[in-house]
Structure formats: C-alpha cells, structure tokens
Number of protein chains: 2
Amino acid sequence: MALDEARIGLAHGNGGRYMRELIQEVFARHLGGGVLDTNLDACPLPALPEGEVVFTTDGFTVQPLEFPGGDIGSLAVHGTTNDLAVAGAKPLYLSLNVFIEEGLEVEVLDRIVSSLARAAREAGVQVAAGDTKVVRRGEGGGLYLATTGIGVRRHGLRLGMELIQPGDQLLVSGSVGDHGICVMLAREQFGLSGELLSDAASVFPFTSALLDYPGLRFMRDPTRGGLATVAHEIARASGLSVRLDETRIPVRDTVRSVCEMLGYDPFYLACEGRVVAVLAPEAAQRALAAWQALPGGDDAAIIGQVDAEGRPVVIETELGGRRMLEELEDDPLPRIC
Amino acid sequence: MALDEARIGLAHGNGGRYMRELIQEVFARHLGGGVLDTNLDACPLPALPEGEVVFTTDGFTVQPLEFPGGDIGSLAVHGTTNDLAVAGAKPLYLSLNVFIEEGLEVEVLDRIVSSLARAAREAGVQVAAGDTKVVRRGEGGGLYLATTGIGVRRHGLRLGMELIQPGDQLLVSGSVGDHGICVMLAREQFGLSGELLSDAASVFPFTSALLDYPGLRFMRDPTRGGLATVAHEIARASGLSVRLDETRIPVRDTVRSVCEMLGYDPFYLACEGRVVAVLAPEAAQRALAAWQALPGGDDAAIIGQVDAEGRPVVIETELGGRRMLEELEDDPLPRIC
C-alpha cells in the first residue's frame, strides 16, 4: 500500500489524482490481470460461450463489514454468482460498484477487495467493470457494494416454480441459518462466535451437479428471509402446499442454541451458500447422493415435499405435530447481506 | 401508489411483504412490461445481436436528488448508457441497484423511478435486473443508485487513445459545464437556476453518427473532472500534447457568469450529455457537420488538436496567449453525479 493516507477522504472519489491512485493501488492491484482495464469507459468481453445469457444484480450492506468465514467483499461475489447458479447458469463476469464512506480505513478496504478478488477466482468469475464513489461521513455505512453478474446457461434449460407438481421433493444442500447467526454474533459481540462460520460460498458446484437431471424443477438460494421465505415463494407461485419435515432440516447445534436463547426461528435466517432444489420424486434420491458426494455436501438432505392441498407452508414438528410457517413480515436480523 | 406509508422504512428492505409491495408498486410498475421479472433470481436475456459485448458500471450519489433537467434516476440511465455509447456500442440492457435511506418519501422515490424508466425508454434500453436495500437513517444520503450496462458493438471496431496521432482534431458535441453548474445552483439555492438545465441526456445519437468514419480514433464523455480531465487522459495515454482553443469551446452565458462569480473553471465541470471525439483531420469537418445536423447539436465545435510536442494540455486564450490546464487534484464540485 503506497497510498499516503490511512483513511479514505472525499478526494479519493473526485476523478483526479487521488482517485487514480486508489483505483490503481487497491482495485487494479487485486482485480487486474484479466479483462478489467480501468482506463476504459466500457470493457469488451471475450466471446461468450454458446447458450442463453442471464443477468442479475445484488446490493450489499452487511454490518459488520468482516465476520467469521467472510466479509462484504466475498459476500458480494457469492451473492450475485449464486443467483446466476440457481438459474442454471455458469457465472462468468461481474461488475463492482463501491460506495465508500469518508473515514473508512484504507487497510480495511484493501483487505476486503483482496477477499473479493479471491472469492471471484474461486468462483471462476472475472470482475470486468467497476466504479467507486466516496460519500461524506454520516452519509454511508462504511462501505456498500453492488455487483451485477453475467452468466450463460444451456439453451432450452427450463427451470421455474411454475413447473413444480404435487409429490415433488425439496432438498437443501447444507445446514440453514449459519450466515445469519454468525453475522449477528459478530455484530453483537456476545463472545459466542467461536466455532461458527458463515456458510457464504459459491453454490455453483451444487447447482451444476443437477442440471442434467430431467426431474429438476427449480432451485433458489435461501438468502434474505431464509428457507421459510423460499417455501412461501414456491407455494404462492405454484398454488400448491409445501410440507417441511423439521427433523430432517439440518441446523447446527450452535445455531439451534442461539436461536433458542434469543427466540429466533432458524428457518427464517439467511444462508449465503446453500441451495434449495425441487425435484420430481424419482430424481430426488439420486440428486441427494450427488450433493452428499460433493465437498461440503455432508449435511445435504431431503427436507420436505409439495402437496396438492393444504396451507401454504406447514412444518411437521419433532413431536409429530404440525404448525404453519407464516410469511415473514419483519426481519429479525436486518443488514445480514 | 397504494403503499400504506408515506416514507420508506427498514421493513421495505427486509425481504418480506412490505418489500414485495414496494417492488411491485414502484419498481415493477414503472420498469415492468419488458424482460424484467421481479420473481426471478436472474433474468434470461433475448439473444444479443451479432457483435462484441461490452460491459460497464457506474454509481450515482448526486445531491440534490432532483435538479432542473433531470434527477438521479435519469442520470443513472444516461451515465451508464453513455459509457457504452462512447465505446462504440449500442446500449441494450441495464441492471439497477437501489440503496434507500430510511425516511425517504415514497413519492420522491416513485417520481425518480418513473423518470428513470422514461430515460431508459428514450435511450432504447431495458432494465433487466434490480435489487433494493434499505439502510438506517444517518447511514445513507437519501438515495444512491448503481447501474450496470450491457451493449453490443460491431466486431473489429477499433477505438482507443493509443490510436491518436499528431494533427488529430478534438470535437465536442455541445456546451460544457451545464450539468455541474446546474446541480450546484440547485444545491445552493442561489435563486439563479432559472433558465439553466442540466445537459444530462443520451449521447448515443452523437456517437453512433461517427462509427462508420475511418478517421474516428476515440470518444469519451467528459463527466467527473470535465473536458480538462479528458484532455489529460488523452495526453497521458498517447504521450502527445493536447492544445485547446478557448474561443471555440462552447460555454453557455449563465455557466460563464456563475464561473466568473464563484471562481470555477468551466473546463473542469461535469457534463452528462456531451461527447469529446478525436478524429483524423480529414474526417473532422464531416463529423462536425454530422453532429450539427442532429437535434441538440447546434453548438458542436472543433475545439482543439493534438500536437507531437508540448506540455500535456495547453489552452490558447481569447487574448492570444497560452496557459496550461493542470490535472485536477481537488474537485470544486463534488457529488454532481
């Protein structure tokens, strides 16, 4: 780091020399070497592979900026590439918008951009365009990011909630609620965060494993609003009922204990590296085996099924009863992504 | 507007019912009808036209959010589509990130999204993906936007500062500094803003008019840092000297008066609807005639040329002298885009 200042000032966003230095010494240093050219107004992309182009975007305001298992930088890669992955695409390129609040330590920014670059390499995507703005102290939250992603999927791939039928099975690729609880613990400094890491990661290995299954109907990553919200989206779009089996939904012990202590329901908490998939019954067992064979897939499980009749989302409890999962109205844990 | 609340609250960003309402009643209402589907994780794009795909992004933090001749919404369309246009591309699709500060009036947001939608229609682009975050009061500036654009340009089109040669001519498509002064006046409420409108607009008609000229070397829109900054970028990248002719650079009377009163130099002020183009001498007159024939092109002018030797950027003054234009170090007017 050869930047003269320890903290970002307004001049780092004004289009002049300070800004050029910041771009060169932080952004280009970590993100350069590929297609990114910080001297261009717009970046030409190498010819895209054959297939349908898909496009998505996400904004990131997580607090704190760094937490066990990740930070706002790696999250900005995973959040957007995962939206491409669950649409059945291979993520290829990202753009990156940075809104820095005056006073942010340059060292923190550097660490976050470095982590973002590492996550992009791991996810197989390149940052191909970027922009930085600096806002005055008291007009930002330290750092906000936005990423927009381009991916390509096989022509003719059909996935969608409207394809879901009664009898279809719901799978989840791993334990739920890790990210939400991990960020909450990092924020509140309960001194409990010890072993729990955010699940934030690329889900592309999980989504791509299922793309050739004829019985694959739909995939979604349970982020804001968690598993319960995905279940409600499925119920609303399909007009069917989603029945979950509480005993089969993987929840880590730490997450379960914190939820019991503080009164949270883990099924509403955000994951940032999990997939929910809906498959025809004949394909579900094979999909489960494929997921369990992947690194990080040990906890994958079949967690429920779709019924023709019933309340939108019901859950069969450990004691053999049933309760409804209501639609989320008020987020118990804001600013987790 | 059927939203119950007059102001945006944190619940409008939490992934639940309030957020769904906001998305439906503000964003989908103005931006729907095309490829945008707010129920998808990622939007499939119709087959792109033959050519090279180009990609760019920009963030917007202008204050005030609305000003004569535009607002942060229309600016978010023009800023990004103009970066595609000066790269020689036809803008096709945008993504939109919205960071709303708790307390923003829903009516203001609705007006801005409506203006953004209108600017997109005029620029011939569709918003194909979006995301909304709400941050706490005191952690935002009312509204920040980011847009990422996809465009396509002819295969084999070569444009770049490295192509510029001694003798090449510089053109500008209209008066400079209107946007910077207009926003400054709107902010400071000098009561002077009367007739001056921001120049914010799509430059695609101007850029596309020149794409078939063999002598076209390079185009850029003089935004942050203005005309002087573009001249410095050309000088730095080409190793040549840019000589501007002060008497030929179009500056509106209001802009000139305000600059004289307040000590600004109009050549450093942002434009959001102008292009600087560099052309071989034999192509320059024809390009000028083409621009002057376009709506809004009356003030287009040849404003200087590129010399083999000399200081990076010099300007010949009205009195027949010469002065250097220094590189911008500290922006006289921050937050104008």
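The values are calculated or read from the model by the stated rules, or taken from the named source; none is laboratory data. Nothing here was measured: the structure is a model prediction, and the numbers come from that model. Cβ placement follows ideal geometry from the backbone for every residue including glycine, while neighbour counts extend to all protein chains displayed. The accessibility values were calculated without ligands, DNA or RNA, using every heavy atom of the protein model including side chains. Shrake-Rupley method; radii C 1.70, N 1.55, O 1.52, S 1.80 Å.
Of the conditions (1) modelled with pLDDT under 95; (2) crowded, with 16+ Cβ neighbours inside 10 Å; (3) not aromatic (Phe, Trp, Tyr), residue A:188 satisfies every one except a single condition; which number is it? Here residue A:188 meets the rest and fails (2). Scanning the stretch A:90-101 for residues that are under 10 Å from residue A:135 (Cβ atoms) and open to solvent by less than 10 Å² (accessible area, probe 1.4 Å), which turns out nearest to the other protein chains (Cβ to nearest Cβ)? Looking at residues that are under 10 Å from residue A:135 (Cβ atoms) and open to solvent by less than 10 Å² (accessible area, probe 1.4 Å), I get A:99.
Evaluating residue B:68 against the criteria (1) touching a residue at least 60 places away in the same chain (Cβ under 8 Å); (2) within 7 Å of chain A (Cβ to nearest Cβ); (3) out of contact with any His (no Cβ under 9 Å at 6 or more places or on another chain); (4) over 26 Å from residue B:139 (Cβ atoms) leaves one unmet condition, (2). When you look at residue B:326, is it open to solvent by 40 Å² or more (accessible area, probe 1.4 Å), in a helix (DSSP H, G or I) and within 27 Å of residue B:87 (Cα to Cα), yes or no? Against the criterion (open to solvent by 40 Å² or more (accessible area, probe 1.4 Å), in a helix (DSSP H, G or I) and within 27 Å of residue B:87 (Cα to Cα)), residue B:326 does not qualify. Look through A:153, A:137 and report the one residue that is open to solvent by 10 Å² or more (accessible area, probe 1.4 Å), over 18 Å from residue A:213 (Cα atoms) and of a type in the set (Lys, Arg). Only one candidate qualifies: A:137. Within the stretch B:213-242, the set of residues being of a type in the set (Lys, Arg) and open to solvent by 50 Å² or more (accessible area, probe 1.4 Å) comprises just one member, B:236.
So in the stretch B:81-122, with the set limited to residues that are acidic (Asp, Glu) and within 18 Å of residue B:202 (Cβ to Cβ), which one is modelled with the lowest pLDDT? Checking each candidate, the answer is B:122. Filtering the stretch A:16-37 to residues that are closer than 14 Å to residue A:98 by Cα and within 12 Å of chain B (Cβ to nearest Cβ) leaves only A:19.
Return yes when residue A:181 is open to solvent by less than 30 Å² (accessible area, probe 1.4 Å), β-branched (Val, Ile, Thr) and in a helix (DSSP H, G or I) and no when it is not. Against the criterion (open to solvent by less than 30 Å² (accessible area, probe 1.4 Å), β-branched (Val, Ile, Thr) and in a helix (DSSP H, G or I)), residue A:181 qualifies.
If you check A:62, A:54 for being assigned to a loop (DSSP other than H, G, I, E, B), surrounded by 23 or more Cβ atoms within 10 Å (Cβ to Cβ) and of a type in the set (A, V, I, L, M, F, W, C), only one passes: A:62. Which of the following residues is within 9 Å of chain A (Cβ to nearest Cβ), over 25 Å from residue A:151 (Cβ atoms) and among the small types (Gly, Ala, Ser): B:11, B:47, B:6? None of the other options fit; the residue is B:11. Scanning the stretch A:207-235 for residues that are within 11 Å of chain B (Cβ to nearest Cβ) and hydroxyl-bearing (Ser, Thr, Tyr) gives A:207, A:223, A:229. One residue alone among A:41, A:37 is in a loop (DSSP other than H, G, I, E, B) and surrounded by 18 or more Cβ atoms within 10 Å (Cβ to Cβ), and that residue is A:41.
Take the residues of the stretch B:102-116 that are charged (D, E, K, R), outside any loop (DSSP other than H, G, I, E, B) and open to solvent by 30 Å² or more (accessible area, probe 1.4 Å): which is nearest to the other protein chains (Cβ to nearest Cβ)? Among residues in the stretch B:102-116 that are charged (D, E, K, R), outside any loop (DSSP other than H, G, I, E, B) and open to solvent by 30 Å² or more (accessible area, probe 1.4 Å), the one nearest to the other protein chains (Cβ to nearest Cβ) is B:105. Among residues of the stretch A:250-259 being farther than 29 Å from residue A:307 by Cα and without any contact (Cβ under 8 Å) to a residue 40 or more places away in the chain, the one that is surrounded by the most Cβ atoms within 10 Å (Cβ to Cβ) is A:257. Considering each residue of the stretch B:117-131 in turn, at least one proves to be free of Cβ contacts under 8 Å to residues at least 24 places away in the same chain, outside the structural domain of residue B:219 (by TED's automatic domain parsing) and surrounded by fewer than 24 Cβ atoms within 10 Å (Cβ to Cβ). Within the stretch A:260-276, does at least one residue satisfy the condition of being open to solvent by less than 50 Å² (accessible area, probe 1.4 Å) and more than 19 Å from residue A:177 (Cα to Cα)? No, the stretch A:260-276 contains no residue that is open to solvent by less than 50 Å² (accessible area, probe 1.4 Å) and more than 19 Å from residue A:177 (Cα to Cα). Listed by position, the helices (runs of 4 or more DSSP H) inside the stretch B:221-317 whose residues that are hydrophobic (A, V, I, L, M, F, W, C) and in contact with a strand residue (DSSP E or B) (Cβ under 7 Å, 6 or more places away or on another chain) number at least 2 are B:226-238, B:281-292.
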